[in-house]
Amino acid sequence: MPIPFYSLDAQHAAVADALREAHEAFMARQWFVLGEGVQRFEAAWARCCGTAHAVGVGNGQDALMLSLRALGVGPGDEVIVPAHTFVATAMAVSQAGAAPIMADVDAETGLLTAATVSPRLTPRTRAVIPVHLYGHPAPLAELLALTSAHGMHLLEDNAQAHGARYRGRPTGGFGAANATSFYPTKNLGALGDAGAVTTNDAGVAERLRRLGNYGSSRKYHHKEVGVNSRLDEWQAIVLDIKLRHLAEWTAERRRLASLYDEHLRDVPHLQHPPRPREPDTAHVWHLYVVRHPRRDALQAALRTAEIGTLIHYPTPVHLQPAYEGLRHRRGDLPNAERWSDEALSLPLYPGLSEQDVARVAEVVRRFGRT
Ligand SMILES: *Cc1c(COP(=O)(O)O)cnc(C)c1O
């Protein structure tokens with residue numbers, strides 16, 4: 001039997017009855033945008049992140065872009081993002097009218113650190129966006145020390161770390177505003193596009209809400225030029241139902257990650273995903289990413305065994321054609337480039353069996369002996 005890279009079957013089975021019932025009520029109510037479902041989910045998501053406010057938006061990139069705009073970051077400003085991330089982190093900065101500045105990542109963790117951000121600071125730097133890549137919390141303490149010393153904002157990109165903890169507190173609650181995506185394959189996923197921003201600042205929350213609703217907080221009165229980026233009522237209802245299972249799904253991801261670690265011990269040249277080193281800091285295993293110098297051959301061996309894998313991400317952001325204008329060259333940000341060259345994501349999702357993990361690991365072990 002082939003092992004797909006990803007399957008939502010187990011998650012759907014857990015919520016199918018609740019979704020069917022909720023869908024009937026949703027159709028009967030005929031309220032599709034900004035209804036009680038959105039309010040309920042926003043309250044639940046704010047609780048999950050330990051913040052005073054959550055504002056639902058259309059997707060993760062908009063969550064980042066609107067956060068920047070709500071904080072007053074725009075044309076003439078620079079915002080530092082990691083070169084090793086999904087491209088939306090950088091594109092949101094461009095969308096807000098600011099300049100994304102790519103920083104290298106730590107060789108070991110693949111995350112932004114104070115040491116990798118510092119060389120990229122200029123008098124125009126207004127914000128830094130660390131990404132909790134693959135579910136691994138970025139070192140927020142040192143990054144916050146740096147941003148507050150320079151009077152800059154920190155915004156978390158929490159798209160891959162739903163339910164993660166950093167030094168005892170949930171991620172998504174540390175920055176001036178924190179963005180997330182509920183793209184269907186994220187740890188908490190909608191049945192389509194969806195996103196949210198969390199903040200403790202009532203003024204920022206209000207401005208975010210306005211910016212995502214044509215700059216309006218009163219019908220037909222438009223205070224500033226906004227966009228249409230709202231969390232769908234139906235997606236909010238789905239997310240509220242799925243959120244009740246997130247802790248249990250995260251526990252399953254952790255169990256599977258530990259199992260991979262065990263099975264893959266002592267495979268020559270294979271690097272395991274790094275574990276958090278800071279106290280009371282918990283990974284949520286959005287992805288289980290190994291590194292290997294012959295990554296493409298390893299991926300081919302797994303493909304031959306009918307095992308699905310993906311590469312997150314094959315091209316670092318600074319070398320994407322979209323950012324040609326920044327005139328980066330290969331070699332500029334070597335750690336990010338090395339991650340792109342060597343990273344391979346193995347199947348890991350709620351419902352993946354222990355036998356499947358063993359089968360994947362066996363193919364990797366066999367490859368390691370060649
Ligand atoms: C998924 C993702 C986004 C973008 O989310 P969309 O909802 O697809 O716009 C941004 N940053 C990271 C790190 C992501 O993984």
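The values are calculated or read from the model by the stated rules, or taken from the named source; none is laboratory data. Treat the numbers as computed from the prediction; the structure is a model and nothing was measured. We place every Cβ from the backbone using ideal geometry, glycine too, and count neighbours over all the protein chains shown.
Among the residues of the stretch 123-138 satisfying the criterion of being in contact with a helix residue (DSSP H, G or I) (Cβ under 7 Å, 6 or more places away or on another chain) and away from the ligand (no atom under 13 Å from the Cβ), which is nearest to HIS286 (Cα to Cα)?
Taking the stretch 123-138 and keeping what is in contact with a helix residue (DSSP H, G or I) (Cβ under 7 Å, 6 or more places away or on another chain), we get 127-131.
Then keep just the ones that are away from the ligand (no atom under 13 Å from the Cβ); that gives 127-128.
Numbers: ALA127: 25, VAL128: 22 Å.
Filtering the stretch 123-138 for residues that are in contact with a helix residue (DSSP H, G or I) (Cβ under 7 Å, 6 or more places away or on another chain) and away from the ligand (no atom under 13 Å from the Cβ), the one nearest to HIS286 (Cα to Cα) comes out as VAL128.
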Answer yes or no: is there a residue in the stretch 157-165 that is touching a His at 6+ places or on another chain (Cβ under 7 Å) and away from the ligand (no atom under 12 Å from the Cβ).
yes
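Does THR147 count as more than 16 Å from the ligand (Cβ to nearest atom), assigned to a loop (DSSP other than H, G, I, E, B), more than 30 Å from SER7 (Cβ to Cβ) and touching a strand residue (DSSP E or B) at 6+ places or on another chain (Cβ under 9 Å)?
Numbers: more than 16 Å from the ligand (Cβ to nearest atom): yes; assigned to a loop (DSSP other than H, G, I, E, B): no; more than 30 Å from SER7 (Cβ to Cβ): yes; touching a strand residue (DSSP E or B) at 6+ places or on another chain (Cβ under 9 Å): yes.
No, not satisfied.
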Name the pairs: first residue in the stretch 185-196 and closer than 12 Å to HIS162 by Cβ, second residue among the β-branched types (Val, Ile, Thr) and in a loop (DSSP other than H, G, I, E, B), Cβ to Cβ under 9 Å, at least 6 apart or on different chains?
ASN187/VAL284
Please verify whether VAL105 is within 16 Å of the ligand (Cβ to nearest atom) and either closer than 30 Å to GLN235 by Cβ or among the β-branched types (Val, Ile, Thr) (or both), treating the condition exactly as stated.
yes
With the condition kept exactly as written, say whether any residue in the stretch 46-53 is closer than 21 Å to HIS132 by Cβ, surrounded by 14 or more Cβ atoms within 10 Å (Cβ to Cβ), touching a Lys or Arg at 6+ places or on another chain (Cβ under 8 Å) and touching a residue at least 40 places away in the same chain (Cβ under 8 Å).
yes
Working only within the stretch 238-267, note down all residues that are buried (at least 19 other Cβ atoms within 10 Å of the Cβ) and among the hydroxyl-bearing types (Ser, Thr, Tyr).
THR250, TYR260
Taking the options PRO316, PRO274, name whichever one is buried (at least 21 other Cβ atoms within 10 Å of the Cβ) and within 30 Å of ARG120 (Cα to Cα).
PRO316
In the stretch 65-87, what residues are buried (at least 23 other Cβ atoms within 10 Å of the Cβ) and either within 11 Å of the ligand (Cβ to nearest atom) or at pLDDT below 95 (or both)?
MET65, VAL81, PRO82, HIS84, THR85
Within the stretch 282-298, how many residues turn out to be assigned to a helix (DSSP H, G or I), surrounded by fewer than 19 Cβ atoms within 10 Å (Cβ to Cβ) and not small (Gly, Ala, Ser)?
2
List the pairs whose first member sits in the stretch 117-140 and is touching a residue at least 40 places away in the same chain (Cβ under 8 Å) and closer than 23 Å to PHE182 by Cα, whose second member is within 10 Å of the ligand (Cβ to nearest atom) and in a strand (DSSP E or B), and whose Cβ atoms are under 6 Å apart, counting only residues at least 6 apart or on separate chains?
ILE129/VAL81; ILE129/ASP157; VAL131/PRO82; VAL131/ASP157
Just to check your reading of the model, which residue among GLY56, GLY110 is of a type in the set (Gly, Ala, Ser), within 16 Å of the ligand (Cβ to nearest atom), closer than 30 Å to THR304 by Cβ and not in a helix (DSSP H, G or I)?
GLY110
PRO334, sole failed condition from (1) touching a residue at least 40 places away in the same chain (Cβ under 8 Å); (2) touching a helix residue (DSSP H, G or I) at 6+ places or on another chain (Cβ under 7 Å); (3) of a type outside the set (S, T, N, Q); (4) surrounded by fewer than 16 Cβ atoms within 10 Å (Cβ to Cβ)
(2)
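Quick check on the stretch 2-13. Is at least one of its residues of a type in the set (Phe, Trp, Tyr) and over 27 Å from ALA115 (Cα atoms)?
Filtering the stretch 2-13 for residues of a type in the set (Phe, Trp, Tyr) gives 5-6.
Applying the additional criterion that residues be over 27 Å from ALA115 (Cα atoms) yields 5-6.
Yes - at least one qualifying residue is present in the stretch 2-13.
Any idea which of ALA161, ALA190, ALA205 is modelled with pLDDT of 95 or more and assigned to a helix (DSSP H, G or I)? Quick ask: steps written out before the conclusion?
Working: ALA161 fails: assigned to a helix (DSSP H, G or I); ALA190 fails: assigned to a helix (DSSP H, G or I).
Residue meeting the stated conditions: ALA205.
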Pair list, Cβ < 8 Å and 6+ apart or interchain, from the stretch 284-307 residues that are more than 30 Å from ARG169 (Cα to Cα) and of a type in the set (Lys, Arg) to residues that are within 16 Å of the ligand (Cβ to nearest atom) and part of a strand (DSSP E or B):
ARG295/ALA343
What is the number of the single condition among (1) in a helix (DSSP H, G or I); (2) more than 16 Å from the ligand (Cβ to nearest atom) that PRO279 does not meet?
(1)
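Report whether or not GLY203 is within 12 Å of the ligand (Cβ to nearest atom) and either farther than 23 Å from PRO276 by Cα or among the basic types (Lys, Arg) (or both). Write out each step before concluding.
Numbers: within 12 Å of the ligand (Cβ to nearest atom): no; either farther than 23 Å from PRO276 by Cα or among the basic types (Lys, Arg) (or both): yes.
It is false that GLY203 is within 12 Å of the ligand (Cβ to nearest atom) and either farther than 23 Å from PRO276 by Cα or among the basic types (Lys, Arg) (or both).
Within the stretch 311-370, track down each residue that is assigned to a loop (DSSP other than H, G, I, E, B), more than 17 Å from PRO100 (Cα to Cα) and more than 20 Å from the chain's Cα centre (by Cα). Steps first, please.
Step one: filter the stretch 311-370 for residues assigned to a loop (DSSP other than H, G, I, E, B), giving 311-316, 320, 327-333, 347-353, 369-370.
Still in the running and more than 17 Å from PRO100 (Cα to Cα): 311-314, 330-331, 347-353, 369-370.
Scanning the stretch 311-370 gives ARG330, GLY331, GLY351, LEU352, SER353, ARG369, THR370.
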